[in-house]
Amino acid sequence: MIEEGGHRIPSLVDTYLFDLDGTLVDSASRIRQSLRATLRDCLGIDPDEDEVARYTGVPLWDIMCAYDEDEAPRLVDYYRRYYAALGPTAPFPGVRDILDYLWEAGCGLAVVTAKGSDSAWDHLEEAELSDYFPVVVTADEVRETKPSREPVMRALARLDRSAARSIMIGDSAADILSGHRAGTYTGWARWGTDRCPDFEGVRPDFTWEEPEGLMTAIRVR
C-alpha cells in the first residue's frame, strides 16, 4: 500500500504534465465498459476486471492487437462508436479549479496521453479543458508511448521547460514510470483508479486520494 503524500510540491516546480483518462477526466469506468463490450460483442470474449485493468494506460490500438491483430481496425471502430454513445466525458470535480490556479500562476501545462490525437482533443473539448493546454502529446506522435520517457520529454521540449522543475501526474504505472525515466517529479492520481498498479519498484513522489489533495500540495508551496 502506498500512503497518501501530504507533502508540499517543491516551489521550484513550475510545469505540470497530466495524463488524461482517469486523471483529468472521469473516463476509467467508461473505458472498461467499452472494452468489455467490444471484446464480448466482436470476439465472444468476456474478460474479468483484473484482465481489463491490466490495460490501463495502454494505447487502444495495442490493446486490440493483443486480442486479434487482423481484426484490430474493426475492434477499434466498434470501441469508439460504443464509447461515443455513452455521452460526453466530464472532468473530475476539482480539476478545473486546479488548472485555473496553475494557469493564473503562469505554470507550464501539458497533457501526455496514450490516446490518439483526435480522441484526446475530443475528450478535452467535451470536458471544456482544451484551452488550458498549449501542448498535448498523443500516442500517434511518438515512437514509444508511456512508460517510455519519450512522451514526457517531447512535452517538456515543446514547453521549453526543464524536467527537474516539472511533475508528471497520472493514475497508471505507465504515467509514473514515464515521468521517473524522464527525470521529473511524479504524482499518483489515485482518484482515477481503484487498484494499486505495479510501479516496478518505483515509488511515486506524491500520492493523492482526491484532486483536493493535489490542490493543497500546490497551494502550500
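With closer than 20 Å to Asp198 by Cα, of a type in the set (Ser, Thr, Tyr) and assigned by TED's automatic domain parsing to the domain that holds Asp194 as the only criterion, which of Thr138, Thr113 stands out?
Exactly one of Thr138, Thr113 is closer than 20 Å to Asp198 by Cα, of a type in the set (Ser, Thr, Tyr) and assigned by TED's automatic domain parsing to the domain that holds Asp194, namely Thr113.
From the list Ile31, Ile63, exactly one residue is without any contact (Cβ under 8 Å) to a residue 40 or more places away in the chain, closer than 17 Å to Thr113 by Cα and among the hydrophobic types (A, V, I, L, M, F, W, C). Which is it?
Ile63
Taking Arg54 and the conditions (1) under 22 Å from Ala189 (Cα atoms); (2) in contact (Cβ under 8 Å) with a residue 12 or more places away in the chain, which numbered condition does it fall short on, given that it satisfies the others?
Answer for Arg54: the failing condition is (2).
Checking the structure you have, find out if any residue of the stretch 68-84 is of a type in the set (Lys, Arg), over 23 Å from Trp188 (Cβ atoms) and without any contact (Cβ under 8 Å) to a residue 12 or more places away in the chain.
Yes, the stretch 68-84 contains at least one residue that is of a type in the set (Lys, Arg), over 23 Å from Trp188 (Cβ atoms) and without any contact (Cβ under 8 Å) to a residue 12 or more places away in the chain.
Restrict the check to the stretch 150-166 and report whether at least one residue is surrounded by 23 or more Cβ atoms within 10 Å (Cβ to Cβ) and more than 23 Å from Ile31 (Cβ to Cβ).
Yes.
Hey, among the residues in the stretch 47-85 that are over 17 Å from the mean Cα position of the chain (by Cα) and not in a helix (DSSP H, G or I), which one's modelled with the lowest pLDDT?
The residue in question is Asp48.
Could you list all residues from the stretch 106-126 that are modelled with pLDDT of 95 or more and of a type in the set (A, V, I, L, M)?
Listed by number, the residues that qualify are Leu109, Ala110, Val111, Val112, Leu124.
Looking only at the stretch 15-46, count how many residues are crowded, with 17+ Cβ neighbours inside 10 Å and either hydroxyl-bearing (Ser, Thr, Tyr) or part of a loop (DSSP other than H, G, I, E, B) (or both).
Summing the residues that are crowded, with 17+ Cβ neighbours inside 10 Å and either hydroxyl-bearing (Ser, Thr, Tyr) or part of a loop (DSSP other than H, G, I, E, B) (or both) in the stretch 15-46 gives 11.
Can Leu99 be described as at pLDDT 95 or above and buried (at least 17 other Cβ atoms within 10 Å of the Cβ)?
Considered against the rule, which asks whether it is at pLDDT 95 or above and buried (at least 17 other Cβ atoms within 10 Å of the Cβ), Leu99 comes out as yes.
In the list Ala90, Ala114, which residue meets the criterion of being surrounded by fewer than 16 Cβ atoms within 10 Å (Cβ to Cβ) and under 23 Å from Glu210 (Cα atoms)?
Ala90
Go over the candidates Glu144, Glu200 one by one and state the one that is surrounded by fewer than 22 Cβ atoms within 10 Å (Cβ to Cβ), in the same structural domain as Lys115 (by TED's automatic domain parsing) and in contact with an Asp or Glu (Cβ under 9 Å, 6 or more places away or on another chain).
Glu144
The values are calculated or read from the model by the stated rules, or taken from the named source; none is laboratory data. Quantities reported herein were computed from a predicted structural model and do not represent experimental measurements. No Cβ is skipped: glycine too gets one built from the backbone with ideal geometry, and neighbour counts run over all protein chains shown.
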